[in-house]
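K.L.:
Pasting in a structure now, in structure tokens, and then I'll have a few things to ask.
The values are calculated or read from the model by the stated rules, or taken from the named source; none is laboratory data. This structure is a prediction, so every number in the text was calculated from the model and none was measured. For neighbour counting, all protein chains shown are included, and Cβ atoms are generated from backbone atoms with ideal geometry for every residue, glycine included. Remember, those area values only see protein heavy atoms, side chains included, never the ligands or the DNA or RNA. Shrake-Rupley method; radii C 1.70, N 1.55, O 1.52, S 1.80 Å.
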Amino acid sequence: MTTAEDRAMLITMGFTPDRVDWAIRETPPNADMQARLDYLFEHEHEPIPVQNTLSTASTASTVAPVVAAPLYSPPSHPPPTSARISSPSPPVTVVPIGHSPANLAESMGGMNLTESARAPDVVAETVNPVETEAIRRYQSFLSEYRDALRNVSNDQEAAKTFYTALTSFLEEEATKWRTELNIPVGATPTPPIVVKRDTLAVLAPESSTTPLVAVETPATAETVESASTDEVKAPESKGTYDCIRVYDPSRPRIPILASVVDFLANVITDYGEDDFVENARKRAWDIRPRMSEEVSNLRWKATVESNPSVDDDSFERRLEAHHERLAHLRPMDDWELHERVQREYEDQERLIRHRMHREKHYEYCKSFLDPAREMVHSAFTEIHPIYTEIQGYLEADNPELDVVRAVRALEQVSDTMELGMKELENLDDDRMEREWIFQRELITDDQTRTDPFGDANKMEKEKDLRMYEIKAMRAAQKVDRRAQFYALVIRRLREAISNVDKDYETLKDILKQLLETIPETTPFEQEEAQARNGDNSAMKIPLPSKELDEQIRSAQSSMYSVNQMRDDMRDVLRSFERKQMAERRENDMAQLSLNESRQGRADSWYFNAGRLLSERTEKEDEEIEKSYRHDQEQRREAFNGVISPVSKIITRYKDREMLVLQKLAGGMTAHGPMASSSSSDSTGGDSGDALVAMQKMMQQQQQTQMISNMMWSQHASRMSVINNIGSSNSQWVVKYN
């Protein structure tokens, strides 16, 4: 599934669009739906961070000159949190030596509380009123307990009283600042970094005269274990919670495969919409109506608004005058004069009819045929550069080009041009048809011919033969016109398929390498049973680390996307090959009809030679389609053979995680029951781990239920459509084996 499809699916599940966008930003570009759901559940109670885009936008607006972006590039995604350059670390919170209030009071007793510690007026003028008021409240608190601070070092009760007052004051301050900053009550604060005693020398230099002070919060703080006094490790990110490591810290873990990190990060699994190609396609689409709809509107307007040059009742008036003249001649019994007058009237009417036909034809050409031809030619003048532009994109052999989108855009432009050619041919046929009708009228009205109607029928046969010649010529010209177009798109599609196939083979090798790093392990329940019997050999077999599991998932997601791309490209290539073959066979049929017509078999060629040609081409199409479907099925089987063991590994790891979470939620670890929070420094975890494990387990159960409900809803809607299509006496039901 693409990122857009994942986003729509997550919104359908009930997540708000802003949280979905946050999850998409923080997960890798090729992450699957599972990874994004995990991120949403893990950060369910956290506020959405505000992106600092103002400074970037203002900086970008001042850059000159503007440098054009690459013509084609893969979609850009912000890197995940783990891959970003770390910002300056927050202030380090240091645990005071010892845990008694007296020690805390002793450290605070060394603070200088003289009047010089008050903030000068300059500071009050440079900060906002909220900050000034907070400073004054803190100064007031210290002034109130100044005497107590001097006695806490030697008085345990005074130290406890001061510690309680300080805790209450800090809680009140936290409430006030949460209200001032509009922070939701359920928002989870960023856990502070708690440093052990042996790292104090690193963070607090000997020259420092003021001790560092902090309040320890065991429920939310994460301990940073330091291997030496020279460096302090960063705390493990909350997004990479590893329940297996919490359950058994001594279990060996398999790290990620570093050699494939760059490829997985850079492999193209989807293309973004290219502005250059899309703009060219839209400009061509705007020209299309001038080659079709506007021509039809012009034809309708010319037909409706045409005004005959002679009045409608002119023929009746002339006929009435002619009958009156014959009535005057009838009593004279001069039949020769009567016949001569009749011939003169008929010749006059013939001339008038011919003149009217010429005038109407001239008016039709003036009002429709000529303007329509000029309109289509003008559209051709504008669309030719667009075709050349997209053709240049394809001929540039850009490896990051979205070939499918580009060839579809070029196809649309080429089809629009063919539509214009068809409209020009229709205009020529319309003109020729009117000229043929007028020519036939001239032949049948010619009294000098011995057989005018025979001559007219002969002209009709010549006309039919001429039309066969014109159709054959047009079909051959179309094949020649489109040959360059098909050669370009087929070549570029085959090159793109070759590149995608290389990525597919590389991903297949990567998945093979990743699976080879994972040894066969004993099922979790069997490991536990063997451990209870004193056999811990199975628990020493290395397991995939959380990072390796995510790397395998990333490779699997990329494999799905690349496989879908190669199938889509082959389908597009097949559609172009079918289209080119259909045009060539249309040309073959036109040439056959012309040859048969010249042999005098114009009335029967379709049922003889034409039928044989149709049967032969249908059989060829069936063979080609059968071969294509066979190759498609082979690719599908090969893909399933690659992805099936990967899915088993991922499922096995997921099942183990669920069983481990159940153990942790019950307060058990691989080495026995969890220790209390007071001894969390020496044993594997505390009661907080049980709560986290329970939360993770509930998230996974909720996630599974949501996906199941969504899939059932989709299936039920499809079955509803099927039942509505069927007859009233039939009903489809769902049955599971």
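K.L.:
In segment 371-395, which residues are open to solvent by 80 Å² or more (accessible area, probe 1.4 Å) and over 24 Å from Ile497 (Cβ atoms)?
P.N.:
Step one: list which residues in segment 371-395 are open to solvent by 80 Å² or more (accessible area, probe 1.4 Å), which gives 374, 377, 381-382, 384, 388, 395.
Of everything in segment 371-395, those that are open to solvent by 80 Å² or more (accessible area, probe 1.4 Å) and over 24 Å from Ile497 (Cβ atoms) turn out to be Glu374, His377, Thr381, Glu382, His384, Thr388.
K.L.:
Scan segment 515-540 for residues that are of a type in the set (Asp, Glu) and under 16 Å from Val660 (Cα atoms) and jot them down. Spell out the reasoning first.
P.N.:
Narrowing segment 515-540 to residues of a type in the set (Asp, Glu): 516, 520, 525, 527-528, 535.
Glu525, Glu527, Glu528, listed by residue number.
K.L.:
Further question on the same structure: For segment 590-620, which positions are assigned to a helix (DSSP H, G or I), surrounded by 14 or more Cβ atoms within 10 Å (Cβ to Cβ) and touching a residue at least 40 places away in the same chain (Cβ under 8 Å)?
P.N.:
Listed by number, the residues that qualify are Ala590, Gln591, Ser593, Leu594, Ser597.
K.L.:
From the residues in segment 450-459 that are touching a helix residue (DSSP H, G or I) at 6+ places or on another chain (Cβ under 7 Å) and open to solvent by less than 50 Å² (accessible area, probe 1.4 Å), which one is nearest to Asp347 (Cα to Cα)?
P.N.:
Selected residue: Pro452.
K.L.:
Any idea which of Gln439, Gln447 is open to solvent by 50 Å² or more (accessible area, probe 1.4 Å) and in contact with an Asp or Glu (Cβ under 9 Å, 6 or more places away or on another chain)? Steps first, answer last, please.
P.N.:
On the way: Gln439 fails: in contact with an Asp or Glu (Cβ under 9 Å, 6 or more places away or on another chain).
Checking each option against the conditions leaves just Gln447.
K.L.:
Residues Ala165, Ala159, Ala148: which one is over 29 Å from Glu46 (Cα atoms), at pLDDT 80 or above and surrounded by 14 or more Cβ atoms within 10 Å (Cβ to Cβ)?
P.N.:
On the way: Ala159 fails: at pLDDT 80 or above; Ala148 fails: at pLDDT 80 or above.
One residue alone meets the criteria, Ala165.
K.L.:
Taking Thr683 as the residue in question, decide whether it is outside any helix (DSSP H, G or I), out of contact with any Leu (no Cβ under 8 Å at 6 or more places or on another chain) and at pLDDT below 90. Full working, then the answer.
P.N.:
Working: outside any helix (DSSP H, G or I): yes; out of contact with any Leu (no Cβ under 8 Å at 6 or more places or on another chain): yes; at pLDDT below 90: yes.
Yes.
K.L.:
Turning to a different aspect of this structure: Out of the helices (runs of 4 or more DSSP H) lying entirely within segment 3-44, which hold 2 or more residues that are modelled with pLDDT of 80 or more, touching a Pro at 6+ places or on another chain (Cβ under 8 Å) and surrounded by fewer than 22 Cβ atoms within 10 Å (Cβ to Cβ)? Give the steps one after another, and end with the answer.
P.N.:
Details: elements: 3-12, 17-26, 33-42.
Per the criteria, 17-26.
K.L.:
Turning to a different aspect of this structure: Residue check: is Gln551 part of a helix (DSSP H, G or I) and within 26 Å of Pro28 (Cβ to Cβ)?
P.N.:
Values: part of a helix (DSSP H, G or I): yes; within 26 Å of Pro28 (Cβ to Cβ): yes.
So Gln551 passes the test.
K.L.:
Assess whether Tyr364 counts as being in contact with a His (Cβ under 8 Å, 6 or more places away or on another chain) and crowded, with 17+ Cβ neighbours inside 10 Å.
P.N.:
Values: in contact with a His (Cβ under 8 Å, 6 or more places away or on another chain): no; crowded, with 17+ Cβ neighbours inside 10 Å: yes.
For Tyr364, the condition - in contact with a His (Cβ under 8 Å, 6 or more places away or on another chain) and crowded, with 17+ Cβ neighbours inside 10 Å - is not met.
K.L.:
Report yes if some residue within segment 555-577 is more than 26 Å from Ser647 (Cα to Cα), open to solvent by 40 Å² or more (accessible area, probe 1.4 Å) and touching a residue at least 12 places away in the same chain (Cβ under 8 Å); otherwise report no.
P.N.:
Taking every residue of segment 555-577 in turn, at least one turns out to be more than 26 Å from Ser647 (Cα to Cα), open to solvent by 40 Å² or more (accessible area, probe 1.4 Å) and touching a residue at least 12 places away in the same chain (Cβ under 8 Å).
K.L.:
Going through segment 330-368 one residue at a time, which ones are farther than 23 Å from Leu442 by Cα and either within 60 Å of the chain's Cα centre (by Cα) or in contact (Cβ under 8 Å) with a residue 24 or more places away in the chain (or both)? Show your work before the answer.
P.N.:
Restricting attention to segment 330-368, the residues satisfying the condition of being farther than 23 Å from Leu442 by Cα are 330-338, 367-368.
Result: Ser367, Phe368.
K.L.:
Check every one of the helices (runs of 4 or more DSSP H) wholly within segment 254-360 and list those with 2 or more residues that are among the β-branched types (Val, Ile, Thr).
P.N.:
Values: elements: 261-266, 275-287, 293-304, 314-329.
Per the criteria, 275-287, 293-304.
K.L.:
Could you say whether any residue in segment 623-645 is buried (at least 16 other Cβ atoms within 10 Å of the Cβ) and either over 28 Å from the mean Cα position of the chain (by Cα) or over 30 Å from Asp270 (Cα atoms) (or both)?
P.N.:
Scanning segment 623-645, I find no residue that is buried (at least 16 other Cβ atoms within 10 Å of the Cβ) and either over 28 Å from the mean Cα position of the chain (by Cα) or over 30 Å from Asp270 (Cα atoms) (or both), so the answer is no.
K.L.:
Criterion first (open to solvent by less than 30 Å² (accessible area, probe 1.4 Å), farther than 30 Å from Tyr241 by Cβ and in a helix (DSSP H, G or I)) does Glu583 satisfy it? Give the derivation first.
P.N.:
Numbers: open to solvent by less than 30 Å² (accessible area, probe 1.4 Å): yes; farther than 30 Å from Tyr241 by Cβ: yes; in a helix (DSSP H, G or I): yes.
Yes, satisfied.
K.L.:
Another one. From the list Lys458, Lys478, which residue is within 44 Å of the chain's Cα centre (by Cα) and not aliphatic (A, V, I, L, M)?
P.N.:
Details: Lys458 fails: within 44 Å of the chain's Cα centre (by Cα).
It is Lys478.
K.L.:
Can you find, within segment 396-431, the residue that is nearest to Arg566 (Cα to Cα) among those that are in contact with an Asp or Glu (Cβ under 8 Å, 6 or more places away or on another chain) and open to solvent by 40 Å² or more (accessible area, probe 1.4 Å)?
P.N.:
Just the residues of segment 396-431 that are in contact with an Asp or Glu (Cβ under 8 Å, 6 or more places away or on another chain), to begin with: 397, 401-406, 409.
With the extra rule that they be open to solvent by 40 Å² or more (accessible area, probe 1.4 Å), the set shrinks to 397, 405.
On the way: Asp397: 18, Arg405: 14 Å.
Filtering segment 396-431 for residues that are in contact with an Asp or Glu (Cβ under 8 Å, 6 or more places away or on another chain) and open to solvent by 40 Å² or more (accessible area, probe 1.4 Å), the one nearest to Arg566 (Cα to Cα) comes out as Arg405.
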